[in-house]
Number of protein chains: 4
Amino acid sequence: MFSKARLDTLSDGIFAVAMTLLVLDVRLPEEFHPRDGAELLEGLAGLWPKLLPYLLSFGVLGLRWLSNIQVRSRADHVGREYVNWWLLYLLLITCVPFTTIVVGRYASLAPAIWLYAGHTLLIALVGMRLTLLTPQLAKDAHFRQWQLSATLLIISSLLAIALSFISPRSALFALALNLLAPLMRRWTNSTGAD
Amino acid sequence: MFSKARLDTLSDGIFAVAMTLLVLDVRLPEEFHPRDGAELLEGLAGLWPKLLPYLLSFGVLGLRWLSNIQVRSRADHVGREYVNWWLLYLLLITCVPFTTIVVGRYASLAPAIWLYAGHTLLIALVGMRLTLLTPQLAKDAHFRQWQLSATLLIISSLLAIALSFISPRSALFALALNLLAPLMRRWTNSTGAD
Amino acid sequence: MFSKARLDTLSDGIFAVAMTLLVLDVRLPEEFHPRDGAELLEGLAGLWPKLLPYLLSFGVLGLRWLSNIQVRSRADHVGREYVNWWLLYLLLITCVPFTTIVVGRYASLAPAIWLYAGHTLLIALVGMRLTLLTPQLAKDAHFRQWQLSATLLIISSLLAIALSFISPRSALFALALNLLAPLMRRWTNSTGAD
Amino acid sequence: MFSKARLDTLSDGIFAVAMTLLVLDVRLPEEFHPRDGAELLEGLAGLWPKLLPYLLSFGVLGLRWLSNIQVRSRADHVGREYVNWWLLYLLLITCVPFTTIVVGRYASLAPAIWLYAGHTLLIALVGMRLTLLTPQLAKDAHFRQWQLSATLLIISSLLAIALSFISPRSALFALALNLLAPLMRRWTNSTGAD
């Protein structure tokens, strides 16, 4: 058996590093030497295609992390099957900076969308498996909120992949749907528990 | 509801990574091959324009973090609105290495100052919103010190933006005013509580 | 004497950073500009030789970390000899991104395998020394599982070095044997304690 | 007043990141394409001048961190003056990767030694000031061990600076004296308390 508190510490560390590393690819080229303020503003504006995936990935990681801490369990320890899935989950989290860079550079090509949306889809599915393996899982209002946000991530990932066949650039916006999850959950709160 | 202790762990991790990543842009170029000690000293001295923003950003992040842990609350859990603002706050923190690099390279151009000072302004404003949303906030002497430091960051950010229209290079020094905050707070301590 | 809880915090931080930094070398070259989706897919497929060592190192780090938290001790504090070995262990952990990059680039050359498998061998040996130095070590079922996984890492490292003289590329697969450890341990669980 | 437990969390995070980032500069050049194993071994052997400072810095950071957790205090909170020195201390820690890179590249030039040894000297002095500011400091055997290790770091830093005027390359070895500290402390243990 493995201590859940220790697993939480490593997860928090990996989320913190992954969320901060994301920004490292949003940078002006070394050889960029603007002559005046207008050129600098232009250069900064040119970072927009990298900034959108960055914001998206930060949102996905942040909302996943929040979802995870909402799942309640009275168990102090977890078994081998749980930690195997948990390691796979962390592996997917550490890959987020990689797929974010790919989609930031090649957003106009459909395979970049498949990679990125396939990645978020896997995160949602493995996260779902992980939660259902949690011993002594409390199936309360928090659990229903967690279900809602995981389902939304799955739907928007599939939608992004479908859209990529028509217009890769607009496919990313389908994933931005996830950022609506918090708003939806606030609405749920007013009818359910918090 | 979300556990405040877990939010604190992720925040601490993100601050720690962001504060350490800052130094990665303060480096001599790969192709720099000094022939003697004098040339090396010259090369190191040439890093000064990158070092100042680095020190400034480290100071801003460190003082923000200290301010945050000063705010007292008896609440163990926070609601959805609080965590939404908290995620936005962390997003701003992870962006600090990016804007620090921009201002370190292009400090002579006004838009670099707008970006950097606008960023510190946003950090102060979102941090203020976050604190006021804290449930069961204790409005004691610590709270007044927190107000003082947030206000100082807002004023010095606005001052830096105003100065950038006259002399971008000197605008950064307006932001260095924040480093005075600890001294001011020590003075407050001698008259108030600690 | 040194507090074991504090040592655990630093170890968790170092494992979290090392596991996340691994991905930084899995990237498409800056000058890669695919004209269509097929070229991008080709470029991504070309990352496979870097991806395998990445997965391997993530697995080694993750399983080592899980093994470490399985070792039980009632001691709150550890002595100077323990922390000396512990620092050496952390040093080996921080080197994992380095040897992973080397084996990812030069997997067809035997010395790259010697470096990588020699590294995992050292991690297993130093980890073994560290565990045996743990004060008040509980020699229970968890301890036997830990022995099994450390022994497996030693055997597969030696096997990889031996194989590197015949075929360096296939040597890496010997190390992938470690990923079988969790399965073996699950089998142990069904006969022993958990 | 600031919670000492929270300060410890941020310190641990910053030490963990700094200790892991150190390895990022120990890398073979991108354009290095060895034709056979002998050339790869040569390339790896050529990393030695970067590896020594890396080991040294890892040792300095690790031993500093261990020294810090040895200092005992019954105080839960610390005042403004303490946190100001503590922030300065963390700033010095985050700079370690920078000075390590400089000394790894230009170890044959005296100013690189001045920068590095001056840095370790500052870390020792600020750490000393920080410890003496600790409220309710227990001046026991641990405190004497801490004094011994801080004094040794100061002496070896000064020795390295002095040696740099004669032979910069050998100056680094003066700093390696610090790694003797643990051995000396073990000897102290046999006569004093632990």
Notebook entry, point to check: What net charge do the residues around A:Leu109 carry, taking every other residue with its C-beta under 11 Å from that of A:Leu109, with Lys and Arg at +1 and Asp and Glu at -1?
Noted result: +1
Check: Where does each of A:Arg80, D:Arg74 land when they are ordered by accessible area, with a 1.4 Å probe and the largest first?
Finding: D:Arg74, A:Arg80
Notebook entry, point to check: For labels at D:Ala141 and D:Leu122 in the simple 7 Å Cα→Cβ model, what's the distance in nm?
Noted result: 3.6
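If you stretched the chain out fully between D:Arg169 and D:Ala38, how much longer would it get, using 0.36 nm times the residue separation minus the C-alpha to C-alpha distance?
44.5 nm
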Check: Which listed residue (A:Thr134, A:Ile161, A:Leu90) has the Cα farthest towards the positive end of the charge dipole for the protein assembly as shown, taking +1 on Lys and Arg C-beta and -1 on Asp and Glu C-beta about the Cα centre?
Finding: A:Thr134
Notebook entry, point to check: Where the centre of each part is set by its Cα atoms, how far does the range A:145-180 sit from the range B:63-93, in angstrom?
Noted result: 28
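Would the protein assembly as shown count as rounded, prolate or oblate if I go by the C-alpha gyration tensor, calling it rounded below 1.5 in a/c and otherwise prolate when a/b exceeds b/c, oblate otherwise?
rounded
Under the definition of Cα pairs under 8 Å and six or more residues apart, what whole-number percent is the relative contact order of chain D? Before the final figure, lay out each step's value.
Values: 207 pairs, mean separation 47.6, N = 194.
In percent, rounded to a whole number, it is 25.
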Check: Of D:Ser67, C:Leu121, B:Gly37, whose Cα points farthest to the positive end of the dipole of the protein assembly as shown (charges on the beta-carbon: +1 Lys, Arg; -1 Asp, Glu; origin at the Cα centre)?
Finding: D:Ser67
Next item on the list: Quickly work out the D:Ala75-to-A:Ile154 label distance, labels modelled 7 Å from Cα along the C-beta direction, and quote it in nm with one decimal.
Entry: 5.4
Check: Between D:Ser108 and the same site in the other copies, what are the distances in nm, shortest first, taking label points 7 Å from Cα along the C-beta direction?
Finding: 3.4, 3.4, 4.8
Next item on the list: Report in % the part of the accessible area of chain A that belongs to carbon and sulfur, leaving out ligands and nucleic acids; probe 1.4 Å.
Entry: 66
Notebook entry, point to check: Largest first, what is the accessible-area ranking of D:Ile93, D:Ile155, D:Ile101 with a 1.4 Å probe?
Noted result: D:Ile155, D:Ile101, D:Ile93
Check: What are the DSSP H helices in chain A that stretch 30 Å or more along their long axis, judged by alpha-carbon atoms, and whose average Kyte-Doolittle hydropathy comes to at least -1.0?
Finding: A:48-70, A:110-133, A:141-164
Notebook entry, point to check: Copy-to-copy spacing for B:Ala176, label 7 Å out on the Cα-to-C-beta vector, in nm, shortest first?
Noted result: 4.0, 4.0, 5.7
Next item on the list: Could you state how much accessible area A:Cys95 has, in square angstrom rounded to the nearest 10, with a 1.4 Å probe and all protein chains kept in place?
Entry: 20
Next item on the list: Send over a whole-number figure in Å² for the accessible area per residue of chain D, probe 1.4 Å.
Entry: 40
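So for the range B:1-71, averaging the separation of alpha carbon pairs under 8 Å that are six or more residues apart and normalising by length, what relative contact order in percent results?
40
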Item checked: Cross-link table B:Lys139/D:Lys4; B:Lys4/B:Lys50; B:Lys139/C:Lys4; A:Lys139/B:Lys139, entries beyond 31 Å C-alpha to C-alpha -> B:Lys4/B:Lys50; B:Lys139/C:Lys4; A:Lys139/B:Lys139
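Counting other Cβ atoms within 10 Å, keep those with at most 13, restrict to DSSP loop, and tell me which chymotrypsin sites (Phe, Trp or Tyr not before Pro) in the range A:120-166 are left.
A:Phe165
At most 16 other C-beta atoms within 10 Å and a DSSP loop state: those are the exposed GluC sites (Glu not before Pro) I care about. Give me the longest piece of chain B that has none. Could you put the intermediate results ahead of the total?
Values: sites that count: B:Glu30, B:Glu31.
Result, exposed sites excluded: B:32-194.
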Notebook entry, point to check: Based solely on its DSSP helices, what 222 nm [θ] is calculated for chain C when runs of n ≥ 4 H residues each add -39,500 (n - 2.57) and the sum is averaged over all residues, nearest 500 deg cm²/dmol?
Noted result: -24000 deg cm²/dmol
Note to self: Taking a point 7 Å out from Cα toward Cβ as the label site, list the nm distances between C:Leu148 and the same residue in every other copy, smallest first.
What the structure shows: 4.4, 4.4, 6.2
Checklist line | Size of the D/B contact, given as accessible area buried on both chains, probe 1.4 Å, in Å² | finding: 3200
Checklist line | Relative contact order computed over the range B:13-122 (Cα-Cα under 8 Å; 6+ residues apart), in percent | finding: 38
Check: Under a 1.4 angstrom probe, counting protein chains only, how are D:Met128, A:Met19 ranked by accessible area, largest first?
Finding: D:Met128, A:Met19
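The values are calculated or read from the model by the stated rules, or taken from the named source; none is laboratory data. Source: prediction; values computed, not measured. Cβ atoms come from the backbone with ideal geometry, glycine included; neighbour counts cover every protein chain shown. Calculation scope for accessible area: heavy atoms of the full protein, side chains included, ligands and nucleic acids excluded. Shrake-Rupley method; radii C 1.70, N 1.55, O 1.52, S 1.80 Å.
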